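Structure, as structure tokens:
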Amino acid sequence: EAEEGGLSRFGALSTVLFEMSDRWEEFTPPYILLLIRTFLTLEGVAGQVDPTFNIYEAALPWAIQRALSPSTQGGAETLRSTLLTKDNQLQWQRFEQIILDASSGDAEVTSKDVATTDTSGV
């Protein structure tokens with residue numbers, strides 16, 4: 001299913017990223033452009049074989065594994081402080097809140113949403 005701003009799910013995301021880059025005059029490194037092109041090609045080829053293919057669903061297991069396996073000491077400390085108490089007990093309420101936050105509201109972000117987002121408190 002085509003999304004606003006692109007011919008594919010990843011195409012819509014890349015359109016928003018490029019618009020953000022233009023708005024804040026950020027430079028996009030060549031390797032990021034190559035990754036975007038690679039994923040657009042992958043999604044296009046897979047979409048021809050299986051029209052219901054969703055690149056985000058396919059990447060989710062890897063993304064979760066990567067998010068839960070930080071490669072730096074700072075990343076590990078941030079993950080631990082987010083999910084564990086000081087005595088290494090799992091913060092179930094924190095997990096539940098993260099899941100509720102992710103499942104409530106609309107997960108789609110458009111360039112219009114980005115343009116109207118207030119980041120002054122960040």
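The values are calculated or read from the model by the stated rules, or taken from the named source; none is laboratory data. Since this is a predicted model, take the numbers as computed values, not measurements. As a convention, Cβ positions derive from the backbone with ideal geometry for all residues, glycine included, and neighbour counts pool all protein chains shown. Surface accessibility is based on the protein's heavy atoms, side chains included, excluding ligands, DNA and RNA. Shrake-Rupley method; radii C 1.70, N 1.55, O 1.52, S 1.80 Å.
Miscellaneous remarks
- In region 24-63, residue farthest from Ser14 (Cα to Cα) [restricted to those that are of a type in the set (Phe, Trp, Tyr) and either surrounded by 13 or more Cβ atoms within 10 Å (Cβ to Cβ) or at pLDDT 85 or above (or both)]: Trp62
- Residues of region 72-99 that are among the aliphatic types (A, V, I, L, M) and open to solvent by 80 Å² or more (accessible area, probe 1.4 Å): Ile99 alone.
- A single entry from Ser103, Ser111, Ser69 fulfils the requirement of being open to solvent by less than 80 Å² (accessible area, probe 1.4 Å) and modelled with pLDDT under 85: Ser111.
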